[in-house]
Structure formats: structure tokens, C-alpha cells
Amino acid sequence: MAWLTPVLLVLACLGLGGLTLRLAGVVADLDLPQRLAWAFGLGFGLLGWLLFPVGIAGFYGTVGTIFVLALSAACGLAWRGMAPVPAGAGAAGADDGVWGGWLTIALVVALAMVMALDLVEGLAPPTEADTLAYHFDLPKRFLAAGHILFVPRAVDGAVPLGPQLTYGAALALGGERAMTLWTMLSGWGAGLLVFATLRPVAGRVWALAGALAWLTAPAVIYGAGGGQVESRTALVAGIALLAAGRAAGPRGLGYALVAGLGAGAFMAAKYTGLVFALALGLVVLAQRAGFRRALVYGLAAGVAGFQWYLWNFLNTGDPVFPMLFGVLPYVSPDIWDADHAEAFRQMIFQEDRVVGSGLWGLITYPAVALFGLNPALEGARVGLGAVPALAVPAAAVIGLWRWRRGGWAAINGPVGRTVAAVVLFYGLYILMGASQRVRHLLPLLPVLLVLCLGAVAGLQAAGARRVLGAGVLAALALGVAMQGLFSLPYVERIARGEDRDAFLGRMVNGYAAVPWINAHLGPDDRILMPARVRNYLVDVPIFYIHHTDEARIDSRPQADNPRRFYDQMRAQGVTHLLASGTVGDGGFVTGYGQWRALAKNGCLELLATIDVASRASRTLSGSGAGVTKAEHIYRLAPPECWARGAPGAN
């Protein structure tokens, strides 16, 4: 089932999406690649939507997944009798004669190489930090419970989890390998969208170049093979942007419906989807007969995206937990408090901001983002890649020149409206004041590639087009080289014949503690985990603790009450604790370091000490031994330990 499950998921997405396109009445405008890309993206969002009520009802597992996939695949009957592909679709765009043939071959070979390397990663156990922390861990916990659990943890617990439900579906039917292969396939979806959109307007070569630019963007290389959702939201956001651009023309209500469903799927995957939905809604409203279309758009987005916000509200009192703390009454004081709210605010709205949220930030951020000028934003390591850095400035100049010659008619069309939506979302994203890491703008990349490469391909001056094309090819070569470097550890795994433990020991910091935990603890235990990178790999119940994101067990640096720390652990069912360092090594005795006071008092019983390795880079894991440190696994002693007089027992 490991190989069959991803195929079933693809068929389910195509079924749901194909039915949606047919009901919306927009099929006649789309050629076959476009239909496949749009159907897959819409179906991906709708599949997560259908799995939510199944999970809430307590059927999240094999039976519920089979039911949803069977229902979804049955929708594929909508493809029968679908309108024929428009005549001449995909024929536009010059490929520069003989060079077009050679370039086509070269680009196809490069795409095949990149996809083969993606497959090598897809066959390996997951190792990316956020993926192990919650993208794969939460679906695994949901499956163990048989239903969706509410985790009152900011950033990676009480957040929209639509894509993650599809990961759980793959895990339920085909195990871990099915899940990693499914994330590989779904990560390719936006590349198909770029290819399908560019091919009719720019030709085969530029379409292949766009797809390759997507697959080799640093943020895609880094996260698409794992569970990070930005690669998936890029697909649904791209469909929504393209549909909204067409909403003022024929079949405008149908395109407004599609745009709303795409925006709603973005909302159901990430909080920034709310900003995207607002920006897109304003563009739809500003179009001719915009009120009717905006109404359809808003209803579709609301239906597709509301579930997780209602879930949060019912469990906390805040639909965007914990953003409205202090504004709305919370259902329980245990899940959040003013101290954590302030710590969280500083982390989100100060530490991850570099350029500011004013006019200067709006102007300077593109350069910082595209050229990786500030390491804090990860623009070089997990950014949009070299192709946009080259093509966006060129396309901006081309666009301004055409606007100067054509005036309003040059921008009051599908392309102009799409550009307006991109710019508006970007502006709201910068002004809203949250984290400015470049990968959060990855959902705009497919449409940026379409707009920019389409503009370059449309240059009348063949010389200028070829010069820019040569620059794009050089940027693509750099991206392919980066993909090769990133894939080295996965190729080495196959060459060495490494088993799972050896590979994870080389790639995941602190993995050596995981086999001991899985072997010695059971389903009635619960271990406190201070480092989230191992969450998914631990098979027994866990409690992941974080100093700003989690309030039920207070580990802020200011926390200095070991008795309260102990009582909070017991209240959450914690039976064991994982800690590094030793009791008397002079390490922190506040925050998570309060464990030292408990160990001194005898309220923690040492079970094992394990040497674990830590490396700065997964990609360069073989370049050095890294740092080795001792980690200890303790068992919480019964409350009678306090009779001996614990320090800080007030």
C-alpha cells in the first residue's frame, strides 16, 4: 500500500477538483494540463476539508480514510463528457527554432534529474525539523487517538491543519513511506500549475523553465519533500489568483467560486491565508459587477476555510488562538496567560522582523527577500531562488513600459488584476507586522514565475529575450546544483545501505535518545520533550513544551517555582522528562532548568543517560562529528518527594 496510497490520493484530488471545475462551469477555458493542475489543487484543499468532520466524529483512521477517498474518487465521473480541450490550446509561444529543441531536451533532462532526487528523498524517513515537530507528528497523534485532538499550543498546535489531515490519510493507509511519497507528489503540484499556465502563452521552453524554477527554489527544495505547507498553499493560492484575474470576464461567477475555494483552502492551511483571502476579495470586489462576484467568492472562501477557526473558538474562545487574547474571553485560564501573551508577541512581532512595517519596509523588503541580504529572513537558504531575483526586476521594467504605452487597458485585464492581488497581499503581509521570513511568501511564487517569465518570453526584441533567457538558464543551473547538494545525504543513504536508525542518527539531532524511549516507555507513560525535532519519531505519548508557545507547563526563562513546575507536569499526565546537562553543572535553574531542583530533591528519578549528537546542518551532516552531549531520562517521583523539603516549594 505504500506505493498505491499516493496514487489513490491523487485520484481522489482529481475527482473532487474535476467535479468542482465542472460545477463552476470554467472547464471550457482550460486545456488538459490546466485542468489537471486546477483539479488537483482544488481537490487537495477539499480532501482536507472532508477529512475534518470525519476526524471530529471519531473516524480518523483507516475506515474513515477509505470512505473519504472512495467518495472523492467517485467524483471523477465528472471527467466523463467534460468539454473538449479548446482547439489550439498550448500552441502559442515561439521557442527560437533549433535552440528550442535543444533547450527542451536539456530542460526535460534537468526536470527528470530533479524529480529523481526528490524520489530518493521521498523514499527516506522524514528528517526536516518542522515536519517532525508537528506536520507529521500531529496526524500521527490523531490517528493513535482515532479523532482530531485539540492542542492548545501556539504556532504549531492550535493552527489550521487542513494539509496535515491528508498526510494522516496517507499514513493510515500506507504507513510512513506512503506519507513521504504523498508529500513529494503534492509538492510537485505547483510546478504543474506553472507549466500548464505558461505553456499556452509563452511556449514549451519557457513553461519547462518555469516548472524547473519552482522545483529548484530553495524553499521548495527545503520543505516540499517534507510536511511544510507553503508548497501546498502555493498551489491553491496560485489557482485562486489566476481565477480571480478572470472573474470579471465570461463565466465570472464560476471563476469567483474557484477563487474562493482556493483562498479558503489557503485559510485552512495557515493563518496568513486570512490576509490572502482579504486581499483577493478586495480585487474581486473592485471588478465589473464586483459585488455579486465578491459575494460568491466570500461564501466559497468562508465555507472552505472556516472549520479550524471554529474549532479553535470552541476550544479556547479565540478563532485565531492566541492572537486575540485580552480581546475575547478565554474558556480556561490554564491554556494561556498574560505572561505568555507578552513573550509570544515579542517573538512574533519583534524578533522575526527586520525591515519594519512602514513604507520603507514595503520598498526595501523585495530586495532583502529576493537577494538574501539578511540571514534572519532566510532568503538565501530557504528563499524564492535565483530565477525570481533575475526575472522580477526585468518583468517590472517590461510591465511599466507596456503600461506607459497602453494605459489603463494594459492593467485592467486578467494579468493586471492578478498583479494587483499579488501586490495587495504583499503589502498587507508586510504591514500586518508578523514574521517576515521569506518562505511565508512562497505561495506567491508560482504566479510570480508565470507573470515574470511570461513577460520576458513576450519581448518582441529577440536579442533581449535571449540575453534574459541565458540569465534564467544560469539561474536554473544554480538551482539544480543546489538540489543535488541537498540530496547528497539521501543518495548516501542508498549507497551505504543504511537502515532507519543509522540514517536518522546521522540526520536528526538527538536521535540516539529516541530508540531508548520507544523501547522502555509504553502507552500509559507520557514524556516531556523540550526539543520538538524528535516529536514524530517518539512512539509513546509526549508533551512538547515551549517557553512562549505553551502555557500549561510554564517554562519561560522567568519561571522559578519548581513545585508549580512539578504540579503542572502531573496535571498534564507527564510521567517522564528528558533533559540535557547535569544537576550541578551550573546550567539554568529557571525555566525548563527547574528540573535540576526537582532532581536534587529526589522528585526526579534518573533512569538513563545517553550520549546524543547534534549537527548544524542536515545537508552537510557528513562534514564533521558535530557536538556530543549527555541527555538524561528521568521518571517523576510520587508527590511524597516533597515531604523531604523541596527548594522553591512555596
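Results, tabulated for the structure shown:
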| read-out | value |
| --- | --- |
| Order of GLU176, GLU550 - criterion: other Cβ atoms within 10 Å of each residue's Cβ, fewest first | GLU176, GLU550 |
| Whichever aspartates and glutamates have a C-alpha closer than 13 Å to that of LYS140, once near sequence neighbours (fewer than 8 apart) are set aside | GLU176, ASP539 |
| Three principal axis lengths of the chain [C-alpha, angstrom, descending] | 84, 52, 52 |
| Cα-based radius of gyration of region 14-82 once divided by 2.2 N^0.38 Å, which approximates compact folds | 1.18 |
| Computed Kirkwood radius, in angstrom, where 1/r is averaged over Cα pairs of region 502-644 | 15.8 Å |
| Estimated FRET transfer efficiency (ARG564, ALA474; beta-carbon r; R0 56 Å; 0.05) | 0.40 |
| Sequence-separation-based contact order of region 502-644, relative, with Cα cut under 8 Å and 6+ spacing, percent | 25 percent |
| Free-standing Cys, the chain [no other Cys Cβ under 4.7 Å] | CYS13, CYS75, CYS452 |
| Contour minus Cα-Cα distance for ASP334 and THR62 (0.36 nm per residue) | 94.5 nm |
| Exposure proxy ranking, count of Cβ atoms within 10 Å, fewest first, for VAL303, VAL533, VAL327 | VAL327, VAL303, VAL533 |
| Two-site FRET efficiency, ALA145 against ALA461, from Cβ-Cβ distance with R₀ of 45 Å, rounded to 0.05 | 0.15 |
| Cross-link reach list, lysines versus LYS629, counting only Cα pairs under 23 Å and skipping chain neighbours closer than eight places | LYS600 |
| Theoretical FRET efficiency, 1/(1+(r/R0)^6), r = Cβ-Cβ of LEU32 and ALA112, R0 25 Å, to 0.05 | 0.75 |
| Under-5 Å amide H pairs with GLY227, H placed in peptide plane, nonlocal only | THR131 |
| Computed label-point distance, nm, for sites ALA571 and TRP516 using a 7 Å Cα→Cβ extension | 3.0 nm |
| For the chain, calculated [θ]222 nm from helices alone, where every DSSP H run of n ≥ 4 adds -39500 (n - 2.57) | -19000 deg cm²/dmol |
| Taking MET184, MET432 and counting other C-beta atoms within 10 Å, the order from fewest to most | MET432, MET184 |
| Length gained when the stretch ILE494-MET82 is fully extended (0.36 nm per residue, less Cα-Cα span) | 143.9 nm |
| DSSP-defined antiparallel bridges as percent of all bridges, the chain, nearest 5 | 70 percent |
| Highest average packing first - 436-443, 629-636, Cβ atoms within 10 Å | 436-443, 629-636 |
| Percent RCO, i.e. relative contact order, over the chain, from Cα pairs under 8 Å lying at least 6 residues apart | 14 percent |
| Of the chymotrypsin sites (Phe, Trp or Tyr not before Pro) in region 524-591, those whose Cβ has at most 16 other Cβ within 10 Å and which sit in DSSP loop | PHE588 |
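All of the numbers you see were taken from the coordinates with simple rules; none came from a lab. Nothing here was measured: the structure is a model prediction, and the numbers come from that model. Glycine gets a Cβ as well: all are built from the backbone with ideal geometry, and neighbour counts include every protein chain shown.
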